[in-house]
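Structure first, then comments.
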Amino acid sequence: MHQETLLTFRYNVTDIASVSAFAGVQGNRNGNCKEVYFLRMIGKNAAYETEVEQMDQCLGEQMLRGQLKYSRISSLPVLSLREDAEYYAGCFDRWTGTGRKAMQIRLTADNRALACVLGDACVKAADLFRQLTPHANASIEKNFVAKLLFWLDQTGKGLLEDWQPGSCAKFVLPNLSKKQEYLFAYLLTRLGIDVLLLQHQSDIDPQLDGLGLSKKVTLGPFGKDGPKAFDIRRYKNTPPVPSRVPGTGQAVSAGTARIAAADLRHRDRPVRVMQSAAEQEMAFEELAQLASSVVMISVLDDRGQVLGTGSGIMVGEAGYILTNCHVANKGRFYGVQIEEDDRIYRTDEIIKYNSVLDLAVIRIDRRLKPLPIYKGEKKLVRGQKVVAIGSPLGLFNSVSDGIISGFRVIGDVDMIQFTAPISHGSSGGALLNMFGEVIGISTAGMDDGQNINLAVGYECISQFIRGFT
C-alpha cells in the first residue's frame, strides 16, 4: 500500500468566526496528519462584501507569490456531455475493480500520492452518500461519484497542481444546497483543502447540517446579492500585454460550425460592451501582431490521429485557452500550436464547456499572454470595423478585416454578425475591435451566403471565462 494512503485529517475550527479569519489561518501538518478547515458563513453583515474582497486580495497575492493555491468560484459546472459521464463512470468502475484504492482521473494521472488520497476520500464521501440515501443502488452511487470526479477535474486543477500532503490550498464556494454539492466540498477537505461556503442566500438542509462536517458561523440575515466574482488580474502588478510579430505554421483542415439562414433572428438591441481605455485605434499592422495570442488547435483521436483543426484565444496566463465547444468535443486529445514556438503542446484538459453557448476552455502547460476582453460601456454598432484572427483551412493565424453587419439571436444566444472572411478552421478564433480587444469568438458561417459569419459576443465570453483570466 502506498504510504500516502495513511494520510489523515483533523478538522480545526478554533477561533474561526469571520471571512478574514479564514483567509488568515493555515493548518499545520504533523507527520501524516493534516489540519484542515471546513466552514459555512451564514447570511451577511455590513462587512461581508468588503471582507470577501480583502480575502481575495490577500490570498490572490499569496498565490501569485507561490505561497498557496486559492480559488473562489461562482458555481459548479454541469455534467451534461455523455462522453464525460461515460469517462467518469469508467473511472469509478476501475476504482471499484481494484479494491477502491487509488482513483485515477485526469487530475491524478501524474500524481500517485494524490490518486491514493482521492481514492480514500471517495470512500468517505460514498459512505456518507449511502447514509443520506438509504435506498441508493449501485448505479446511483456510481453516478454520484462520477459527478464528484467531474467537478474535481473541472475546478481542482489550479488547487491540486503539484499536490503534496502538506500543500496549502483554499477553496470558496457560494450557496451550496444539494447533497452532492455539499459532499463535494467535504471531499475537497479530504484532499487537504481548506473550504469556506459563503451561504449568504440560504443554508444547507438540516439533514446535511446534522452530519457535523462543517462549522456554522452566522454573520447576519440572508440577502440576495453576493460579492463580486474573484478575478486574479486585480492583484497582478501589470496587466497582460500582447505578444510579438506573428510567425507562420502548418496544419490540416478543420470545422467551422455552419447554420441555416432560417435559424437567424434579428436582434432588437446591439451588444453592450465596455469602452476601451485606449484613445487611439490601432493600425492593421499592429492588430496583426496580436495573432501571437491566438492558437491553432489540432483535434486528435485516441490513436493520435488528426481529426481536424480549430482556433483558440489565450484568456488566462496559467495556460487557459478559449475555443468553441464544437471544436473541443470532437477529440480525445488536442495539439496546440503557438506562433514562434516550435513545440506542439498536447493536452486532454477540458476545464469548462457549455454546449448552448458553444464555448469551451482547455488548458496547456505553458505561460500565456492573454488577449484583453472588451469591457466598456459603449455599444457595438453596425458598420464598426473588426479584425478576425484564426486558422481557416489550416492556414495558421490568418488575419482578415471587415465590419459588424448586424446582431442576431441564434438559439437564444446573442451573436455578432460580421463580414471579415472566415472558413473551416476559424472556429474559436478572435474577433477584435480596432483597439485590439476581443469582442467575440468566431463560431459559425453560412455556406449559402458570402461573408455572413457569426461570433459569440463579449458578454457571454466574459461570464464564461470568469475565474480563469
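Computed from the coordinates by the stated procedures, all read-outs in this text should not be read as laboratory data. Since this is a predicted model, take the numbers as computed values, not measurements. With ideal geometry, Cβ positions are generated from the backbone for all residues, glycine too; neighbour counts draw on all protein chains shown.
A few points about this structure:
- Above-threshold pairs, the threshold being 25 Å between Cα atoms, out of LYS124/LYS178; LYS330/LYS352; LYS34/LYS228; LYS179/LYS224; LYS34/LYS215; LYS69/LYS369: LYS34/LYS228
- Efficiency of FRET from Cβ geometry, ASN329 and GLN54, R₀ 60 Å, rounded to 0.05: 0.95
- The stretch 31-83: trypsin sites (Lys or Arg not before Pro) falling in loop per DSSP and having at most 10 other Cβ within 10 Å: ARG65
- Label sites at GLU281 and ASP231, each approximated as a point 7 angstrom past Cα along Cα to Cβ, lie 2.6 nm apart.
- The DSSP beta bridges internal to the chain are antiparallel in roughly 70% of cases.
- Proximal charge balance of THR419 [Cβ under 14 Å; K/R count +1, D/E count -1]: +2
- Modelled label reach - GLN164, point 7 Å along Cα→Cβ, the stretch 24-44 residues with backbone N closer than 13 Å: 29
- Multiplying the residue separation of VAL123 and LEU79 by 0.36 nm and removing their Cα-Cα distance gives an extension gain of 13.7 nm.
- Shown here for the stretch 315-344: GluC sites (Glu not before Pro) in loop regions (DSSP other than H, G, I, E, B) with at most 13 other Cβ atoms within 10 Å, namely GLU340.
- Reachable lysines from LYS385, criterion Cα separation under 20 angstrom, eight or more residues apart if same chain: LYS375
- Gain on full extension, evaluated as 0.36 nm per residue between LYS379 and ASN137 minus their Cα-Cα distance, stands at 81.8 nm.
- Cα-based Rg of the chain normalised by 2.2 N^0.38 Å, two decimals: 1.02
- Local electrostatic count at CYS325 - Lys and Arg +1, Asp and Glu -1, tallied over other residues with Cβ under 11 Å: +1
- In a fully extended conformation the segment linking GLU86 and SER20 would gain 19.7 nm over its present Cα-Cα distance, using 0.36 nm per residue.
- Inter-site label distance for ALA47 and TYR11 at 7 Å from Cα along Cβ, in nm: 2.6 nm
- In order along the stretch 128-138, the phi-based Karplus estimate (6.51 cos²θ - 1.76 cosθ + 1.60, θ = phi - 60°) of 3J(HN,Hα) comes to 5, 4, 5, 5, 7, 10, x, 9, 5, 9, 5 Hz; Gly and Pro are listed as x.
- Peptide packing: for 54-64, 292-302, the average count of neighbouring Cβ atoms within 10 Å per residue gives the ranking 292-302, 54-64, highest mean first.
- Protection proxy ranking of 204-215, 18-29 - average other beta-carbon atoms within 10 Å, highest first: 18-29, 204-215
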